[in-house]
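The values are calculated or read from the model by the stated rules, or taken from the named source; none is laboratory data. Fair warning: this is a prediction, and the values are worked out from it, not measured in the lab. Here the Cβ is made from the backbone with ideal geometry for all residues, glycine too, and neighbour counts use every protein chain on show.
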Amino acid sequence: MKIPVKCPICGDVMMTRFERIMYKICSTHINHGIQFISNDDCFTVRQVILRVSTSPFIYAKWIFNAEIIRIETEGTLNNIILPWFEPDLSNYKKLLEKIKTYILLS
């Protein structure tokens, strides 16, 4: 998967930040949060971080090279590991519902 220039959810241009690795972040809208991370020169996605909830802050993190999906809750050390599946960013609401279902069942 290549890092997109535009947000797959809203279509706005994503902000780029470099700190030894490249971050592409959509922070234009408050109704979603997505971040792509690449650590090489070919712009291959290494991680996708998707905000699942704001109260409490819950994030789903796809780590592609290890094929792990980790659910992280801010301020909690107990992270949940979900079964691997590729994130289908073409239907954001369906993806969020799938993640929430996996969280409830784990």
ask   = What tally of residues in segment 82-106 results from selecting those that are surrounded by 12 or more Cβ atoms within 10 Å (Cβ to Cβ), hydroxyl-bearing (Ser, Thr, Tyr) and touching a residue at least 60 places away in the same chain (Cβ under 8 Å)?
value = 1
key: Selected residue (criterion: nearest to Phe85 (Cα to Cα)) from residues of segment 1-14 that are part of a strand (DSSP E or B) and under 15 Å from the mean Cα position of the chain (by Cα)   = Lys2
message = Among the numbered criteria (1) within 14 Å of the chain's Cα centre (by Cα); (2) at pLDDT below 90, which one does Leu50 miss?
response = (2)
Residues satisfying the stated conditions in segment 21-41, i.e. of a type in the set (A, V, I, L, M, F, W, C), free of Cβ contacts under 8 Å to residues at least 12 places away in the same chain and more than 20 Å from Glu86 (Cα to Cα) = Ile30
query = What do you reckon, is Ile69 touching a strand residue (DSSP E or B) at 6+ places or on another chain (Cβ under 7 Å), part of a strand (DSSP E or B) and closer than 27 Å to Leu105 by Cα?
reply = yes
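Touching a residue at least 60 places away in the same chain (Cβ under 8 Å), surrounded by fewer than 14 Cβ atoms within 10 Å (Cβ to Cβ) and over 13 Å from the mean Cα position of the chain (by Cα): is that true of Ser55 in this structure?
no
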ask   = Does Phe18 count as more than 20 Å from Lys100 (Cβ to Cβ) and out of contact with any Pro (no Cβ under 9 Å at 6 or more places or on another chain)?
value = yes
inquiry  = Whether any residue in segment 71-81 is surrounded by 11 or more Cβ atoms within 10 Å (Cβ to Cβ) and within 16 Å of Val45 (Cβ to Cβ) is what I want to check.
reply    = no
